[in-house]
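The next block holds one structure in the form of structure tokens; read it before the comments.
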Amino acid sequence: MKLNGIKRFGGAILGLFLFVGIMAVSSSTAQAQYPGWNQDQYRRAEQARRERERELQRQRERQARQGGWYDQYGNWHSNSSSNNGYYNNGYYNNGSRRWDGYGNQGGNYELRQTALNAGYNEGYKAGRDDRRHGRYSQSRSVNSLKDYNSRMGDRYTYQQYFMQAYQNGYADGYRIGY
């Protein structure tokens, strides 16, 4: 008789542990779908995104009313079609290449962009540092092959683009550099 009671009690304990285990696992899988974000946070993030889009749209409309717009570098672009033939809707003279202030030294797009990005960034850092230390030395020794890879193309062309961008970056870094 005592053995039957112990079996029943043991079965009840085992069943209770099984039930608690299943409940714990099922609640943790439900929480894994949204592990810390509730619907309020999603709603606020979506509202912030929409507000940013509305602000950008208002800014574009304001610039259109002014007859032009500023690009990411602070250069003014007129909406009018007559620009003395110099800057025509984003193209320089014959429309063959977008005018960005750097000459056409040749080379492919990857070589040009890599050299311009690396040169500008290095120049900006150097100009910012020189401003902080109270000196101006744009002609210092520079590794003009930073980020260069021989698969891109001609080494000399890369160096030409790099140094042009370095000088512009240095001037901006010295002028703005915080």
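The values are calculated or read from the model by the stated rules, or taken from the named source; none is laboratory data. Note that this is a predicted model, so its numbers are computed, not measured. Positions of Cβ are backbone-derived with ideal geometry, glycine not excepted, and every protein chain shown enters the neighbour counts. Areas reflect the complete protein model, heavy atoms only, side chains present, ligands, DNA and RNA absent. Shrake-Rupley method; radii C 1.70, N 1.55, O 1.52, S 1.80 Å.
See the values below:
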{"read-out": "Of Tyr148, Tyr136, Ala115, farthest towards positive along the dipole that unit charges on Lys, Arg, Asp, Glu beta carbons give the range 111-176", "value": "Tyr136"}
{"read-out": "Listed residues Ser26, Ser144, Ser139 arranged by accessible area, highest first, probe 1.4 Å", "value": "Ser139, Ser26, Ser144"}
{"read-out": "Accessible-area ranking of Leu111, Leu145, Leu56, Leu18, largest first, probe 1.4 Å", "value": "Leu18, Leu56, Leu145, Leu111"}
{"read-out": "Ranking by accessible area, most exposed first, for Met152, Met23, Met163 with a 1.4 Å probe", "value": "Met23, Met163, Met152"}
{"read-out": "Potential extension, Gln113-Asp40 segment - 0.36 nm per residue separation minus Cα distance", "value": "22.0 nm"}
{"read-out": "Heavy atoms of Ile176: accessible area, 1.4 Å probe, square angstrom to 10", "value": "70 Å²"}
